[in-house]
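One structure below.
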Amino acid sequence: MSRSVLDMSMSLDGYIADPHDYLGGDDGERLHKWADAETGPVQQFRGEWKAAGAILAGRRTAELMDHWGGDHDGAPIFVPSHRPPSPAARWGYPLVTYVSDGIESAMEQAKAAAGDRDVQVRGGASTVRQALEAGVLDEVQIHHIPVLLGAGHRLFDVLPSEIELEIVQVIDTPEATHIRYRVRR
C-alpha cells in the first residue's frame, strides 16, 4: 500500500526557505548542499526520491520548480490548488494534474497513481499543514541542517492541533541529521 512521505530540508530554527523563497543562504541552496555528497545516506535518499510513484506538491513550490519540467523522474505530479493552472501546466505538462477539490482528493489521486509505491510530498508549508490537518500524511522525513536562518518561511508555523509523531529512523552526518517520523493517528 502506498504511503505519503514528506521529505524536506529544514534549518534548525524551522525554516524551509528564506524570505525571498531561496533555500537558505546567499547562494539560495544552503538547505540542500548536503544532497551533493556522493556517499553515505544520500544514495539511500536519492533511491527513495527516484522510486516515488507520484509527487504531491504545493502550487508555489511546483511553480518555482517549473513543475520539474513536467514530471518528477517519470512520476506524475499532483498540485492541490483552487486557482487554474498556469499555461505550461495546463498544456505543456501532461503528467501535472491540478486538483481543485481539496488536499484529501489530491492525495487520493496521487496514491492511486502511485500504486504500491510512495507518494513524495514536496512542500510547500501550507500544503504540508493541510495534509497533516486532514490526516493524509503518513510520514515526515526532515533533513535538519546545522544552520540558523533567522527568518523566512517556516514549515510548521501554525498547526491546527498537537500532532504526535513516532521516530522511525535517525541518521546523523556532518552535513545534516536526517530524522524520519511516522504520524500517529
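What follows is calculated from the coordinates using simple rules that are stated; it is not laboratory data. Just so you know, these numbers come straight off a predicted model, no measurement behind them. All Cβ positions, glycine included, derive from the backbone under ideal geometry; neighbour counts span all protein chains shown.
Its residues counted as N, the chain yields a C-alpha radius of gyration over 2.2 N^0.38 Å of 0.98. Our summary gives the chain a relative contact order of 32 percent, counting only alpha carbon pairs under 8 angstrom and 6 or more residues apart.
Here the peptides 55-62, 136-143, 37-44 are ranked by packing, the mean other Cβ count within 10 Å, and the order with the highest first is 55-62, 136-143, 37-44. A cut-off of 5 Å between modelled amide H atoms, ignoring neighbours fewer than 5 places along the same chain, links residue 96 with 77. When the inverse distances between all different Cα atoms of the stretch 141-185 are averaged and flipped, the Kirkwood radius reads 12.4 angstrom. The listed peptides 147-157, 105-115, 166-176, ordered by packing as a protection proxy, come out as 105-115, 147-157, 166-176 (highest mean of other Cβ atoms within 10 Å first). Scoring 46-53, 122-129 by mean Cβ neighbours within 10 Å over their residues and listing the highest first yields 122-129, 46-53. Taking each DSSP H run with n ≥ 4 as -39500 (n - 2.57) and averaging over every residue of the chain yields -6000 deg cm²/dmol at 222 nm. In whole Å, what is the distance between the alpha-carbon centres of the stretch 71-129 and the stretch 139-182? Using only Cα atoms to place each centre, the spacing works out to 23 Å.
In degrees between 0 and 90, to the nearest 10, how far off the longest principal axis of the chain does helix 103-114 point, with axes built from Cα atoms? On a 0 to 90 degree scale, this one is about 90. Taking the C-alpha atoms only, the angle from helix 41-51 to the longest principal axis of the chain is near 0 degrees.
The angle between the Cα long axis of helix 125-134 and the longest principal axis of the Cα atoms of the chain comes to about 70 degrees, rounded to the nearest 10.
When only Cα pairs under 8 Å and 6 or more residues apart are kept, what is the percent relative contact order across the stretch 74-170? Across the stretch 74-170, relative contact order equals 22 percent.
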